[in-house]
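*Asks:* One structure, pasted below without further comment.
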Amino acid sequence: MLEVFGQGVLLLGDSGTGKSDIALALVDRGHRLVADDLVEFYLQDEKLFGCCRPGFDGFIEIAGLGIVNLRQLYGDQAVQDQACLDLVVSLDPRPADEYDHLQPVQYEWQLLGQSLPAWRLPCHARSNMALIVETAVRLNHARRQGYDASSDLQTRLATLLTKETV
């Protein structure tokens, strides 16, 4: 779990999908690690929060490097004690061409009686997954504010077609 642009993001995926590599890249880009594999969740004011089990904050396992202490390498700003969970990103190793290119695969993720937005994203080595996760966070925020790029584009196309047929 990380804090990205002030939003709590939980990365889900099978072993080997690159969750820790993405987390490391996001920390390197100035975001904060909440917890690697030891995320604990609790409810507060009907919001779901995630935190790291005491004594394990800042530690992350990176393939090829082993256990890394991000607080020691990047400083205190690389680690956050807790975050309110806003978005779940599920990493899917299936090829990107199996996805609809106009809409993300969205679903509701349930935990402790709370329902959160979740997006299933294709992940593969040639993608800049840290940038894609950052963009998903920005899109999720925009949608919570009422903006949807697909609807906006459809409206613009309909307006253009109406003008051309007149």
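*Asks:* Could you state, as a whole-number percent, how many of the C-alpha pairs of the range 2-165 are farther apart than 22 Å? Let's see the in-between values first.
*Replies:* Values: 6250 of 13366 pairs.
Tail of P(r) above 22 Å: 47 percent of Cα pairs.
*Asks:* How big is the dipole moment of the range 2-165 about its Cα centre under a simple scheme where the beta carbon of each Lys and Arg is +1, that of each Asp and Glu is -1, and everything else is neutral? Debye, nearest 20, please.
*Replies:* On the way: 14 positive and 23 negative charges, 76 e Å.
Using Cβ point charges on Lys, Arg, Asp and Glu, the range 2-165 gives about 360 debye.
*Asks:* Follow-up question, since we're still on this one. Just in the range 100-166: which chymotrypsin sites (Phe, Trp or Tyr not before Pro) are loop by DSSP and have at most 16 other Cβ atoms within 10 Å? Write down the numbers at each step before the final one.
*Replies:* Details: sites: 107, 109, 119, 147; in loops: 147.
Taking the range 100-166 and a limit of 16 other Cβ atoms within 10 Å, the loop chymotrypsin sites (Phe, Trp or Tyr not before Pro) found are 147.
*Asks:* Compute the long axis of helix 129-144 from its Cα atoms, compare it with the longest principal axis of the Cα atoms of the chain, and write down the angle in degrees, 0 to 90, nearest 10.
*Replies:* 60
*Asks:* Could you work out how far apart the two model spin labels at residue 135 and residue 159 are, taking each label as a point 7 Å from the Cα in the direction of the beta carbon, and quote it in nm?
*Replies:* Spacing of the two 7 Å Cα→Cβ label points: 2.4 nm.
*Asks:* Quick one: which residues, 5 or more positions from residue 12 or on another chain, have an amide H under 5 Å from its amide H? H modelled 1.01 Å from N in the peptide plane, none for Pro or chain starts.
*Replies:* Distant-sequence amide H within range of residue 12: 89, 90, 91.
*Asks:* In whole Å, what is the distance between the alpha-carbon centres of the range 72-93 and the range 4-69?
*Replies:* 4
*Asks:* Helix 149-165 versus the longest principal axis of the chain: what is the Cα-based angle in degrees, 0 to 90, to the nearest 10?
*Replies:* 10
Values in this text are rule-based calculations from the coordinates and carry no lab data. Predicted model only: the values in this text are computed from it and were never measured. Note that each Cβ is placed from the backbone with ideal geometry, even for glycine, and that neighbours are counted across all protein chains shown.
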